[in-house]
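Asker: Mind looking over this structure? Questions follow.
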Amino acid sequence: MSTVDQIKAPVAKEMDEFENKFRESMKSSVPLLDKITHYIVKRKGKQMRPLFVFLSAKLCGEVTESSNRAAALIELLHTATLVHDDVVDDSNERRGFFSVNALWKNKIAVLVGDYLLSRGLLLSVDNKEYRLLQIVSNAVREMSEGELLQIEKARRLDISEEIYFEIIQSKTASLIASCCACGAASVNASEETIKKMYEFGKTVGTAFQIKDDLFDYGTGNGIGKPTGIDIKEKKMTLPLIYALNKSSWSDKRKITNIVKNHNTNPDKVAEVIDYVIKSGGIEYANKKMNEYKDAALKILNTFDKNESRNSLEQLVIYTTERKK
Ligand code: IPE
Ligand code: IPE
Ligand code: MG
Ligand code: MG
């Protein structure tokens, strides 16, 4: 059994049923939409968010129909944000295949993202899942704010470590936090427990995005070499921020100039990556990621020891050791 299968074990049945439910939740009688959602479902992602929902539910009680709806709602919104993100980032690739905008153009990708969002909203309203809807809507608001903050900072390249954490906690950790909070809420856990699970998700979600940002520098990304895509997008992430903070005035000017004006030149981008590695930016980001990992594990320790807690612990570790 693979590590992921082991992690899934306590909720294997739920994850299996989720597949069908998720496919059903996107169905449309408009042929073009049906074709595109079909394309999306076939190239599914890691489905870490549904796994966070189910394991959190099971940690706090027994999985319910609400837990199933929470998982579908969140994966729908996640998918919608990815379809929109590839338009925003002008990216032609997603999950190793062409992105929706690459195949059908931006106009259609924007509308498909809206459609997925609306299906998520309807799924919760039709079933009167107002608590889940409240938790998730807040995350969607935070995600848009985080993405806009990132764009604003990319323009000026003046991002501090503090702002970096604000960005990743909004754009990524907030949705993972909502997975864990919804999991707890779906089994009628106390408000105190829902809040604790939210904090847990926010903490592991922060580690998740630091890991994602490390992939850009070729660390453990399964390709074995840097992609440099973030630099191309003028996205300043933790390794680079750290390197710039400790660099001399002239180095800082040189590196910032490349990110600003030569970010499409592969040799120049390689120079930045090299500089970041030599400055210890990778080690530093790894250290920070592990601090969040440990903090997440500490929160889990306040729950009784059982199969679900054990799986969540493994999922936290997987988040920081995954290859994709
Ligand atoms: C991608 O999330 C978006 C980020 C927050 C970095 P995932 O890496 O979980 O995406 P999929 O669903 O597995 O493709
Ligand atoms: C992913 O962000 C989208 C959201 C978190 C909303 P990025 O643009 O940083 O991630 P990838 O690399 O495209 O998945
Ligand atoms: Mg992107
Ligand atoms: Mg983006």
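Asker: Looking at (1) touching a Leu at 6+ places or on another chain (Cβ under 8 Å); (2) within 30 Å of GLU62 (Cβ to Cβ); (3) not aliphatic (A, V, I, L, M), which one does THR172 not meet, given that it meets all the others?
Answerer: Evaluating THR172 over (1) touching a Leu at 6+ places or on another chain (Cβ under 8 Å); (2) within 30 Å of GLU62 (Cβ to Cβ); (3) not aliphatic (A, V, I, L, M) leaves (1) as the failure.
Asker: Taking the range 18-35, which residues are in a helix (DSSP H, G or I), surrounded by 12 or more Cβ atoms within 10 Å (Cβ to Cβ) and under 24 Å from the mean Cα position of the chain (by Cα)?
Answerer: Listed by number, the residues that qualify are PHE18, GLU19, LYS21, PHE22, ARG23.
Asker: Right, another one. Please determine, by comparing only the residues of the range 91-119 that are in a helix (DSSP H, G or I) and within 15 Å of ligand 1 (Cβ to nearest atom), which one is surrounded by the fewest Cβ atoms within 10 Å (Cβ to Cβ). Steps first, please.
Answerer: First pass over the range 91-119, keeping only residues in a helix (DSSP H, G or I): 100-119.
From what's left, within 15 Å of ligand 1 (Cβ to nearest atom): 100, 113, 116.
Values: VAL100: 25, GLY113: 22, LEU116: 26.
It comes out as GLY113.
Asker: Select, from ARG141, ARG131, the only residue that is touching a helix residue (DSSP H, G or I) at 6+ places or on another chain (Cβ under 8 Å) and modelled with pLDDT of 95 or more. Don't jump to the end; show me each part of the working.
Answerer: Numbers: ARG141 fails: touching a helix residue (DSSP H, G or I) at 6+ places or on another chain (Cβ under 8 Å).
Being touching a helix residue (DSSP H, G or I) at 6+ places or on another chain (Cβ under 8 Å) and modelled with pLDDT of 95 or more holds for just one of ARG141, ARG131, which is ARG131.
Asker: Next question. Hey, does the range 306-318 have a residue that's surrounded by 14 or more Cβ atoms within 10 Å (Cβ to Cβ), assigned to a helix (DSSP H, G or I) and charged (D, E, K, R)? Steps first, please.
Answerer: At the first step, the residues of the range 306-318 found to be surrounded by 14 or more Cβ atoms within 10 Å (Cβ to Cβ) are 308-318.
Adding the requirement that they be assigned to a helix (DSSP H, G or I) leaves 308-318.
Cutting the leftovers down to charged (D, E, K, R) gives us 309, 313.
Checking the range 306-318: at least one residue is surrounded by 14 or more Cβ atoms within 10 Å (Cβ to Cβ), assigned to a helix (DSSP H, G or I) and charged (D, E, K, R).
Asker: Still on this model: Being charged (D, E, K, R) and without any contact (Cβ under 8 Å) to a residue 40 or more places away in the chain is the filter; apply it to the range 91-135 and report the residue that is farthest from ligand 3 (Cβ to nearest atom). Explain how you work it out, then say what you get.
Answerer: We begin by selecting, within the range 91-135, every residue charged (D, E, K, R); these are 93-95, 105, 107, 114, 119, 126, 128-129, 131.
Okay, now just the ones that are also without any contact (Cβ under 8 Å) to a residue 40 or more places away in the chain, so 93, 105, 107, 114, 126, 128.
Numbers: GLU93: 10, LYS105: 17, LYS107: 19, ASP114: 18, ASP126: 31, LYS128: 34 Å.
Among those that are charged (D, E, K, R) and without any contact (Cβ under 8 Å) to a residue 40 or more places away in the chain, it is LYS128.
Asker: Looking only at residues in the range 241-269 that are within 26 Å of the chain's Cα centre (by Cα) and part of a loop (DSSP other than H, G, I, E, B), which one is surrounded by the most Cβ atoms within 10 Å (Cβ to Cβ)?
Answerer: The extreme case among them is ASN263.
Asker: Kindly list the number of the only condition in (1) at pLDDT 95 or above; (2) at positive phi; (3) not small (Gly, Ala, Ser) that fails for LEU157.
Answerer: For LEU157, the failing item is (1).
Asker: Looking at (1) closer than 23 Å to ASP5 by Cα; (2) within 13 Å of ligand 2 (Cβ to nearest atom); (3) touching a Lys or Arg at 6+ places or on another chain (Cβ under 7 Å), which is the only condition MET48 fails?
Answerer: Unmet condition: (3).
Asker: For LYS287, work out the one condition from (1) more than 20 Å from the chain's Cα centre (by Cα); (2) under 16 Å from GLU161 (Cα atoms); (3) in a helix (DSSP H, G or I); (4) not hydrophobic (A, V, I, L, M, F, W, C) it doesn't fulfil.
Answerer: The one condition LYS287 does not meet is (1).
Asker: Pairs under 9 Å by beta carbon, first residue more than 24 Å from ALA154 (Cα to Cα) in the range 218-231, partner in a helix (DSSP H, G or I), six or more apart or different chains?
Answerer: From residues that are more than 24 Å from ALA154 (Cα to Cα), the pairs are GLY220/LYS211; GLY220/LEU214; GLY220/GLU321; GLY222/PHE215; ILE223/PHE215.
Asker: Residue check: is ASN265 closer than 23 Å to GLN150 by Cβ and either of a type in the set (A, V, I, L, M) or more than 16 Å from ligand 1 (Cβ to nearest atom) (or both)?
Answerer: Details: closer than 23 Å to GLN150 by Cβ: yes; either of a type in the set (A, V, I, L, M) or more than 16 Å from ligand 1 (Cβ to nearest atom) (or both): yes.
Judged against the criteria, ASN265 is a match.
Asker: Something else: State all residues of the range 42-89 that are free of Cβ contacts under 8 Å to residues at least 40 places away in the same chain and not in a helix (DSSP H, G or I); if no residue qualifies, say none.
Answerer: Result: GLN47, single match.
Asker: Residues to consider are VAL125, VAL88; find the one that is surrounded by fewer than 19 Cβ atoms within 10 Å (Cβ to Cβ), at pLDDT 95 or above, farther than 12 Å from ILE40 by Cβ and among the β-branched types (Val, Ile, Thr). It would help to see each step written out before you state the result.
Answerer: Values: VAL88 fails: at pLDDT 95 or above.
So the residue among VAL125, VAL88 that is surrounded by fewer than 19 Cβ atoms within 10 Å (Cβ to Cβ), at pLDDT 95 or above, farther than 12 Å from ILE40 by Cβ and among the β-branched types (Val, Ile, Thr) is VAL125.
The values are calculated or read from the model by the stated rules, or taken from the named source; none is laboratory data. A quick note: this is a predicted structure, and the numbers were derived from the prediction, not measured. Positions of Cβ are backbone-derived with ideal geometry, glycine not excepted, and every protein chain shown enters the neighbour counts.
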